[in-house]
1. Figure the gain on full extension for ALA35 and ASP80 (residue separation times 0.36 nm, minus the Cα-Cα span) and round it to one decimal in nm.
2. Once the Cα atoms of helix 129-140 and of the chain are each reduced to a long axis, what angle between those two axes, in degrees from 0 to 90 to the nearest 10, is obtained?
3. Can you tell me the 0 to 90 degree angle between the C-alpha axis of helix 81-93 and the longest principal axis of the chain, rounded to 10?
4. For segment 51-60, take each phi angle, set θ = phi - 60°, evaluate the Karplus expression 6.51 cos²θ - 1.76 cosθ + 1.60, and give the result in whole Hz per residue in order, putting x for glycine and proline.
5. Take the alpha carbon atoms of segment 55-98, find their center, do the same for segment 8-45, and report the distance between the two centers in whole angstrom.
6. Kindly identify segment 1-62 as rounded, prolate or oblate by the Cα gyration tensor criterion: order the square roots of the eigenvalues as a ≥ b ≥ c, call it rounded if a/c is under 1.5, otherwise compare a/b with b/c, prolate if a/b is larger, else oblate.
7. Enter the angle in degrees (range 0 to 90, nearest 10) between the Cα long axis of helix 14-23 and the first principal axis of the Cα atoms of the chain, meaning the one along which they spread out most.
8. Apply the Karplus parameterisation 6.51 cos²θ - 1.76 cosθ + 1.60, with θ equal to phi minus 60°, to every residue of segment 32-42 and state each ³J(HN,Hα) to the nearest whole Hz, in sequence, with x for glycine and proline.
Amino acid sequence: MPRMIFVNLPVADLPRARTFYEALGFTHNPAFSDAGGACMVFSETIYVMLLTHAKWQGFTTRPICPAGSSEVSLALSCDDKAEVNRLVDAGALCGGKADVNPPEDHGFMFQRTIADPDGHIWEPFWMDAAMDSENTAAATA
């Protein structure tokens, strides 16, 4: 069975956060959702749990990072540059802030950054698979 990742994120406004993630192509899984949280599915192995501040604080006594602070950057692979642009643009139309870090185009890799409505940073990126294969071959030689 492949390993799965569940990224848990505190959100101030659950419906607004759901709208943002649905714009990025995540689907809502009601079986693992309630009034305090929404399970958003990106793939069979990637899930994002959007948790209201009240629900989040049931898991930890640590404070929620204040707006504008840096906590984590979540990189999300895309099939091509157009998908990177589509994700960032769709998220920006649904409450996100596009290009909080400057876009980077290295020829073999392209990435942009978007902050969700709560300031969580996502970095959709495309990388040339041939370049990755060359790097893997060189690393194992």
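None of the figures in this text is laboratory data; all of them are computed from the coordinates on show. Owing to the predicted nature of the structure, the values given are computational and were not obtained by experimental measurement. When we count neighbours, we look across all protein chains shown, and the Cβ atoms used for this are built from the backbone with ideal geometry, even at glycine.
1. That works out to 12.6 nm of additional length.
2. 80 degrees
3. In the chain, helix 81-93 runs at an angle near 20 degrees to the longest axis.
4. Per residue, the Karplus-derived 3J(HN,Hα) values read 10, 4, 4, 4, 5, 4, 5, x, 9, 8 Hz.
5. 12 Å
6. oblate
7. The helix 14-23 is inclined about 20 degrees to the chain.
8. Residue by residue, segment 32-42 yields 10, 10, 7, 5, x, x, 10, 8, 10, 9, 9 Hz.
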